[in-house]
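What follows is calculated from the coordinates using simple rules that are stated; it is not laboratory data. Values in this document were obtained by computation on a predicted structure and should not be read as measured data. Methodologically, a virtual Cβ is constructed for each residue, glycine included, from the backbone with ideal geometry; neighbour enumeration extends over all protein chains shown.
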Amino acid sequence: MKPPIRAAALALAVLLTASACAKQEEPQSAPAPSGTAGQQVVRTPSGSAGPTCTLEKFGGEKFDLTTATVGFSQSEKEANPFRIAETKSIKDEAAKLGIADLKVTNAQSQFSKQITDVQQLIAQGVRLLVIAPLNSDGWEPVLQQAAAKKIPIITVDRQINAEPCADYLTFIGSDFYEQGRRAADRMIEALSGQGKVAILLGAPGNNVTTERTNGFKDRVKEKAPGITISFEQTGEFAREKGQQVTEQLIQSNPDINGIYAENDEMALGAVTALKGAGKEPGDIKIVSVDGTRSAVQAIADGWLHAVIESNPRFGPLAFETARKFLDGEPIPGKVIISDRDYDSGNAEDALGEAY
Amino acid sequence: MTSREQVSRVLQQHGALMVLALLVVVGSVAFDSFATAGNAASVVVSSSFLAIIAIGMTFVIISGGIDLSVGSLFVLGGVLAAYGSRYGPVVALLLPLAVCAVVGLLQGLVIARTGMAPFIVTLAGLLGVRGLMLALSDEGATTYLVEDPAFAALGQGGVLGLTYPVYVTIALALGAMVLLQRTGFGQNVYAIGGNEQAAALMGVPVARTKVRVYVMSALLAGLAGALNAARLSSGVTILGIGLELDVIAAVVIGGTLLTGGAGGITGTVAGVLLLGVIQSLINQVGNLTSAFQQVVSGAFLALVVVAQRLLSKAQRLS
């Protein structure tokens, strides 16, 4: 009698632990951006560089988006502003265009699950795939299946390491290297070219982290030899991790002058850690990338020095690109969007446009 | 054993199988694209890697232990296989197996010889092995690509619409069933999990059996990682976080008792497929938010455990 009861209780405990790992995010009552403000804009003139792709070259056939099944594979839980805004933008735009059958999956940060998710979307007969990849490598099984069925894949925000126009159609996203360089410019300005800087790195294994890091380091090396990067550790793009790493940072490097966080969530975690350590706003200059409402608010409050935007509202541009492609127009291998920046000069006015 | 006890044991072990059958029927009726060859293949192929690890975990749990290091061994196995593929398919396969076997051997020896709790020893393994993987891959920033086409074919090629890892899984499951039910080693695993002291008094080689069980679990986790690297053509470094919980959940809903001494491979395979089918059904609906997806899968798993409990209780009362 006893063992089964205990086993059932233990099993439940295991399952509860497994399901209790969700992250929290305070609900944000973000006002809808007014007019076209806040929407993505393709960077000109270099926004659409590289060889172009046409429907004919890709080998697909034209279909009607509104009656087709369209798949969107999200990589992470909608538990941070970037992912919430990204998924919402895709869903809203699909509804606006009258795409009746949009299938949305979420890989919950598990890469194996994202591969399976996309394979199951293909099995459900999708004609177009929009993917926010969790990882840049490891897409072989999906690319093979999609290529066999001539399903165009648009990757958003992160890139897949494969051949555009052959393995996938195109990539829509920011120039992350440029974001890193611009963040470095802001850091150099904040520190007047002198001081010690720590980097809170993003999650490993994707191009966003690599490029935001390289852009920042290259620019610092080229413009401000007086700035040394004395600490680098991954905060995995997560707020708690950013806080935890910053707590260790203040202990090990109390003389740090600036923190470059590769996304806003980690920057906000860093702010919490600094508050806990009794620091005042502006004691340590923080520059981050994303442009979430909480971060822009933190600029207004004096905690962050500047934020380089990385716009997650991919819906309109993704479906516009798909429509152009299906109409036979040439599509570039990369569609790079232009990102703004926020600082104390515009933070309060721009709050309504942040996500 | 009376026939009533036999029925109750069958229900305990096959609750997952029955819920699985129910979900497949419901899914086929509710969604046109559920019972298609493509969807079925995606469920079976993706489940095969989890199943390979869960087979090893079944032995560990029946012996009264737990192995939390399998998620880390899975990702390490993949990274080592991708790294080793530059030296040919044999190295790509043997390098991860050898390293994982050593880790399993160390864990098994510590558990068997010092009597330390498997939970703590393998938790140390979980952290240490992931650290090793990060050290090999520049903190996860370097992804080794599989450079050997023969090795990649092992994960990507296949016959009759299913890839080779699925057939490897079936062969391993059959082998494990024979090992567990028809050999002295299998009987020893049950005996240790049932009552370790009694088993020792009866002359069961407790330490040796335990070491073998942990080596087997680590080997299978490494093999799953290697096959997965072949499938993805790369040693992806962000895999396997929390995987041990999925594996344990699959084994337990398959009717293996966490307290040890009872359970089997068929239930485990059913448990793994059940997790895959629940996921597939959520994808068929295709508009649940990530938060709600977790609620649904959590609720399903709780349902299975409760159903098993009620079934075996009702059987005993009648």
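Close amide H contacts of residue A:69 (hydrogens built in the peptide plane, cut-off under 5 Å, sequence separation of 5 or more or a different chain): A:127.
Computed about its Cα centre, the charge dipole of chain B is approximately 860 debye, with only Lys, Arg, Asp and Glu carrying charge at their Cβ. Entry note, chain A: relative contact order of 22 percent, from Cα contacts under 8 Å with a spacing of 6+ residues. For A:280, A:140, the sequence from fewest to most other C-beta atoms within 10 Å is A:280, A:140. Across peptide B:136-142, the mean count of Cβ atoms from other chains lying within 10 Å of each residue's own Cβ comes to 4.
Give the relative contact order (percent, whole number) for the stretch B:224-317; include only Cα pairs under 8 Å separated by 6+ residues.
19
Taken along the Cα-to-beta-carbon direction at a fixed 7 Å, the label points for residue B:29 and residue B:302 span 2.5 nm.
Taking label positions 7 Å along the Cα-Cβ direction at both residue B:171 and residue A:338, the computed distance is 5.9 nm, reported to one decimal.
Excluding residues fewer than 8 places away in the same chain, name every one of the lysines whose C-alpha is closer than 19 Å to that of residue A:77. By straight Cα distance, residue A:77 reaches A:23, A:88, A:91, A:103, A:113, A:241. The H on the amide N of residue B:144, modeled in the peptide plane, is under 5 Å from the matching H of B:235, each at least 5 residues off or on a different chain. Relative contact order for the stretch B:3-317: 37 percent, from Cα pairs under 8 Å spaced at least 6 residues apart, divided by residue count.
Only the Cβ atoms of Lys and Arg (+1) and of Asp and Glu (-1) were treated as charged; on that basis the dipole of chain A about its Cα centre amounts to roughly 780 debye. Counting every other Cβ atom within 10 Å of each residue's Cβ, A:149, A:113 order from fewest to most as A:149, A:113.
Pop the C-beta distance of residue B:119 and residue B:87 into the FRET formula with R0 = 45 Å and round what comes out to the nearest 0.05.
Numbers: r = 37 Å, r/R0 = 0.82.
Using R0 = 45 Å, I get an efficiency of 0.75.
Volume per residue of the convex hull around the Cα atoms, evaluated for the protein assembly as shown, comes out as 168 Å³. Taking amide H positions as modeled 1.01 Å from N, with prolines and chain starts lacking one, no residue 5 or more places away or on another chain lies under 5 Å from residue A:167. Within straight-line reach of residue A:217, meaning a Cα separation under 17 Å, sit the following lysines at least 8 residues removed in sequence or on another chain: A:196, A:285. Averaged over the residues of peptide B:239-250, the number of Cβ atoms from other protein chains lying within 10 Å of each residue's Cβ is 4.
Ranking A:162, B:30, A:252 by how far each Cα lies toward the positive end of the dipole of the protein assembly as shown (charges on Cβ) leaves B:30 at the top. Each peptide in B:22-33, B:61-72 receives the mean, over its residues, of other Cβ atoms within 10 Å, and ordering these scores from highest gives B:61-72, B:22-33.
The mean number of partner chain beta-carbon atoms within 10 angstrom of a residue's beta-carbon across peptide A:129-141 is 5. Residues considered: B:86, B:231, B:130. Largest GNM mean-square fluctuation over chain B, using C-alpha springs under 10 Å, is found at B:86. Sorted ascending by nearby beta carbons within 10 Å, beginning with the fewest, A:305, B:14 become B:14, A:305.
Taken one residue at a time, the phi angles of the stretch B:111-121 give Karplus couplings (6.51, -1.76, 1.60, θ = phi - 60°) of 5, 6, 8, 9, x, 5, 5, x, 4, 6, 4 Hz. Gly and Pro are set to x.
The residue A:221 and residue A:351 beta-carbon pair, evaluated with R₀ = 25 Å, returns a calculated FRET efficiency of approximately 0.15. With the highest mean first, a sort of the peptides A:325-333, A:65-73, B:260-268 on other beta-carbon atoms found within 10 angstrom per residue produces B:260-268, A:65-73, A:325-333. Computed from phi, the 3J(HN,Hα) profile of the stretch B:203-215 under the Karplus parametrisation 6.51, -1.76, 1.60 (θ = phi - 60°) reads x, 6, x, 4, 4, 4, 4, 4, 4, 4, 4, 6, 5 Hz, with x in place of Gly and Pro.
Bridge orientation summary for the protein assembly as shown: considering DSSP beta bridges with both residues in this region, about 20 percent are antiparallel.
Here the calculated FRET efficiency for residue B:127 and residue A:327, from their Cβ-Cβ distance with R0 = 45 Å, stands at 0.25, rounded to the nearest 0.05. If the reach is capped at under 18 angstrom between alpha carbons, list the aspartates and glutamates near residue A:324, excluding any in the same chain fewer than eight residues apart. Counting by Cα, and skipping residues close in sequence, residue A:324 has these aspartates and glutamates nearby: A:56, A:61, A:64, A:93.
Label-to-label distance, residue B:285 versus residue B:202, with points set 7 angstrom from Cα along the beta-carbon direction: 4.6 nm.
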